[in-house]
Amino acid sequence: MADNPGRSRFEVFDDDELAGFAEYHRYRDEIAFIHTEIDPRFEGRGLGGVLARAALDAAREQGLGVLPFCPFIRGWIGKHPEYTDLVPQGQRARFGL
C-alpha cells in the first residue's frame, strides 16, 4: 500500500500490479475519503480491507480527522469501531457513526 499524493489517493498493489485505490481530498487537518475502488480481478482477496486499514492508520499517524464520504470507508469504520475516534465528534452523526 502506498500514498500517491500526486493523484490524491492511497493505492494497494498485488505484486507490482495496481489492484485498487481510495481517493481523498486533504484540507488543513482533515482528510475526506471520496471513493474507493478495487479492480474486479482482485476482489475477494481482502485488499479493500488492507487498503482501508492502511489509509486510516496513515491518517492517524498524521493526526488527521477523517470524513468518510466514501460508503466503503464509512462501512469499514462501522465494522471496526476502534477507528471511529478518527471521525471528529461533531461529524459522527452525519456519517451514522
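Numbers below:
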{"quantity": "Asp39, sole failed condition from (1) exposed (fewer than 15 other Cβ atoms within 10 Å of the Cβ); (2) within 14 Å of the chain's Cα centre (by Cα); (3) not aromatic (Phe, Trp, Tyr)", "calculated": "(2)"}
{"quantity": "Matching option when the condition is of a type outside the set (S, T, N, Q), in contact with a Ser or Thr (Cβ under 9 Å, 6 or more places away or on another chain) and in contact (Cβ under 8 Å) with a residue 24 or more places away in the chain, among Gly48, Gly78", "calculated": "Gly48"}
{"quantity": "Residues that are without any contact (Cβ under 8 Å) to a residue 12 or more places away in the chain and closer than 20 Å to Leu67 by Cβ, drawn from the stretch 12-41", "calculated": "Tyr27, Arg28"}
{"quantity": "Filtered residues of the stretch 61-84 (kept if surrounded by 14 or more Cβ atoms within 10 Å (Cβ to Cβ) and either assigned to a helix (DSSP H, G or I) or in contact with a Gly (Cβ under 6 Å, 6 or more places away or on another chain) (or both))", "calculated": "Phe72, Ile73, Arg74, Gly75, Trp76, Ile77, Gly78, Tyr83, Thr84"}
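Each reported figure results from applying straightforward, stated rules to the coordinates on display, with no laboratory input. In this text the structure is predicted, and so the values were computed from the model without any measurement. Positions of Cβ are backbone-derived with ideal geometry, glycine not excepted, and every protein chain shown enters the neighbour counts.
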